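Data first, discussion second: the structure below is written as structure tokens.
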Amino acid sequence: MTGGRRFHLDQDGHSVTVQLRGARPEAEVLVDGKVVAYRRGQIKATTALEAELPGDPPRPFRVLIAPVEGPEETPLCMMESAGARYLMPLVPLLGPGRPPQPGPSPTLLVRRRLRRLLHRRAGRR
């Protein structure tokens, strides 16, 4: 699992996020922005992280992370709470207020390629 992945679900008025990071393999569960469960090390098999949703009384839940082999290698992430299972969708890892950066336009790419080609030909003369 390389890079980072983020899964998010709104459950019973609380924000539940699972973040996976690959440089130093680690997984963390956040509830309303606070880390409530943490695991360090490579996730090679299905891993369970247990935590509680705040309230009176606190409600325990469990997050299951299952690695998937294939070209994408995006793991599956599922939340279990009160006997029900909820699949947590993958969300993009962008900083706050930062829109995704689009790649260069096709016109710009063609211009660059032509400029390089002309520069190389001018150097041969």
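Quick notes on this one:
- Beta carbons closer than 6 Å, at least 6 apart along the sequence or on distinct chains, pair a first residue in segment 54-68 that is touching a residue at least 60 places away in the same chain (Cβ under 8 Å) with a second that is of a type outside the set (V, I, T) for P67/P75.
- Failed condition for V36, given (1) crowded, with 16+ Cβ neighbours inside 10 Å; (2) under 15 Å from R6 (Cα atoms); (3) of a type outside the set (S, T, Y): (2)
- Taking segment 51-125 and the strands (runs of 3 or more DSSP E) fully enclosed by it, the elements with 1 or more residues that are out of contact with any strand residue (DSSP E or B) (no Cβ under 7 Å at 6 or more places or on another chain) and either modelled with pLDDT of 80 or more or among the basic types (K, R) (or both) are at 84-87.
- Among the residues listed as A45, A51, A82, the single one being buried (at least 16 other Cβ atoms within 10 Å of the Cβ), in contact (Cβ under 8 Å) with a residue 12 or more places away in the chain and of a type in the set (G, A, S): A51
The values are calculated or read from the model by the stated rules, or taken from the named source; none is laboratory data. Just so you know, these numbers come straight off a predicted model, no measurement behind them. Positions of Cβ are backbone-derived with ideal geometry, glycine not excepted, and every protein chain shown enters the neighbour counts.
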